[in-house]
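One structure is given below, encoded as structure tokens.
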Amino acid sequence: MVWNPDQYHLFSDHRLRPALDLLSQVHLTTPRVIYDLGCGTGNVTSLLSKRWGDSIIVGVDSSAEMLEKAKNDHPALEWKQADIQHFEPTSKGHLIFSNAALHWLDKHDELIPSLLEQLIPGGVLAVQMPNNFQAPSHQLLYDLALSNGWRDKVGSLVRPAPVHKLEWYYDLLSSKVANLNLWETTYFQVLGGKNAVLEWTRGTALRPFLAALDSDEERNTFEQEYADLLLDAYPQQEDGSTIYPFSRLFIVAETESD
Ligand SMILES: C[S@@+](CC[C@H](N)C(=O)[O-])C[C@H]1O[C@@H](n2cnc3c(N)ncnc32)[C@H](O)[C@@H]1O
């Protein structure tokens, strides 16, 4: 999928807050090797480097567009274009951090344990993922994609919710790690703009659907139909803002020490 760094950054303050919440629960003092998986434009990677200035920090992402901005904005950090699915670094990580990226990958029953394998004993895996696939913003998109007229073109892009319940991650991880900290929260995001939720999803969930359509005319029609549905689902407040509740799931798992 082709990412647009500028569109993604329209709501950078809201997107950064969960990363800070995740970071606040990582209690390592001097992790020597840190990987930021799905680092995007490197905003969060640079926060990691501010906290642990002496560490080796590598931002990993599959998107050339995102990495180009990361390299421009943070030339002193190390960047690597790679698929998280096949993440097998030469040096094991003391910390593997991943903010808002692993929900793009399926089969978490295989993926999450495989990431633990890439940590040293006593290392930490810290993950934040959106968990709002049942929210109107996403459900309306999927319903539209599966409706008559669009199903043949984009219906196949609707995938089962990739993120499981918190209890599922507990059962997956509790016997494999020494410490496990799981939590979930809903951020009541107050957004500005006429169709703010559309602007939000333009940077993320809507992108693959538009990319799969054949012409600008189709893209405009699909987006307009989705936009109308969103305006009904997320009416503006009296002051013109839109409240967009957004649930996120967090995992901080520490492997057994030697
Ligand atoms: C929503 S952005 C999050 C960026 C960054 N972590 C942040 O918090 O600002 C998701 C990123 O995950 C990357 N991504 C998605 N699937 C990936 C995969 N299989 N391998 C590597 N990167 C992936 C995308 O390219 C994108 O840059």
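The values are calculated or read from the model by the stated rules, or taken from the named source; none is laboratory data. Predicted model only: the values in this text are computed from it and were never measured. Glycine also receives a Cβ, built like all others from the backbone with ideal geometry; neighbour counts cover every protein chain displayed. Keep in mind that these areas ignore ligands, DNA and RNA; they rest on the heavy atoms of the full protein, side chains included. Shrake-Rupley method; radii C 1.70, N 1.55, O 1.52, S 1.80 Å.
Taken together, E88, E167, E110, E117 contain a single residue that is under 20 Å from Q25 (Cα atoms), out of contact with any Gly (no Cβ under 9 Å at 6 or more places or on another chain) and surrounded by fewer than 20 Cβ atoms within 10 Å (Cβ to Cβ), which is E167. Considering segment 26-57 alone, what residues qualify as being farther than 16 Å from I120 by Cα, in contact (Cβ under 8 Å) with a residue 12 or more places away in the chain and not in a loop (DSSP other than H, G, I, E, B)? Of everything in segment 26-57, those that are farther than 16 Å from I120 by Cα, in contact (Cβ under 8 Å) with a residue 12 or more places away in the chain and not in a loop (DSSP other than H, G, I, E, B) turn out to be L37, N43, V44, T45, S46, L47, L48, S49, R51.
Of the residues making up segment 180-229, those that are touching a helix residue (DSSP H, G or I) at 6+ places or on another chain (Cβ under 6 Å), open to solvent by 40 Å² or more (accessible area, probe 1.4 Å) and under 30 Å from S257 (Cβ atoms) are L180, E184.
Within segment 145-154, one or more residues are at pLDDT below 95, at positive phi and surrounded by fewer than 14 Cβ atoms within 10 Å (Cβ to Cβ). If you go through segment 149-171 and keep only what is small (G, A, S) and either in contact with a Lys or Arg (Cβ under 9 Å, 6 or more places away or on another chain) or touching a residue at least 12 places away in the same chain (Cβ under 8 Å) (or both), you end up with just A161. Look at segment 172-190: where a residue is over 12 Å from T255 (Cβ atoms) and modelled with pLDDT of 95 or more and a partner is open to solvent by less than 40 Å² (accessible area, probe 1.4 Å) and in a loop (DSSP other than H, G, I, E, B), sitting 6+ places away or on another chain with Cβ atoms under 7 Å, you get E184/N131; V190/S241. Considering only residues in segment 79-112 that are in a strand (DSSP E or B) and near the ligand (Cβ under 8 Å from one of its atoms), the one that is nearest to V58 (Cα to Cα) turns out to be S98.
What are the residues in segment 1-50 that are within 11 Å of the ligand (Cβ to nearest atom), under 26 Å from L116 (Cβ atoms) and of a type in the set (V, I, T), if any? Passing the criteria: V44, T45. Filtering segment 248-258 to residues that are part of a strand (DSSP E or B) and either in contact with a helix residue (DSSP H, G or I) (Cβ under 7 Å, 6 or more places away or on another chain) or open to solvent by less than 30 Å² (accessible area, probe 1.4 Å) (or both) leaves R248, L249, F250, I251, V252, A253. Name the one entry in E184, E167 that is part of a strand (DSSP E or B), away from the ligand (no atom under 16 Å from the Cβ) and among the acidic types (D, E). Criteria check complete, one pass: E184. Just wondering, is there one or more residues in segment 55-67 that are out of contact with any helix residue (DSSP H, G or I) (no Cβ under 6 Å at 6 or more places or on another chain), open to solvent by 20 Å² or more (accessible area, probe 1.4 Å) and away from the ligand (no atom under 12 Å from the Cβ)? Yes: one or more hits. Exactly one residue out of P235, P245 is part of a strand (DSSP E or B) and either touching a strand residue (DSSP E or B) at 6+ places or on another chain (Cβ under 9 Å) or surrounded by fewer than 12 Cβ atoms within 10 Å (Cβ to Cβ) (or both), and it is P245.
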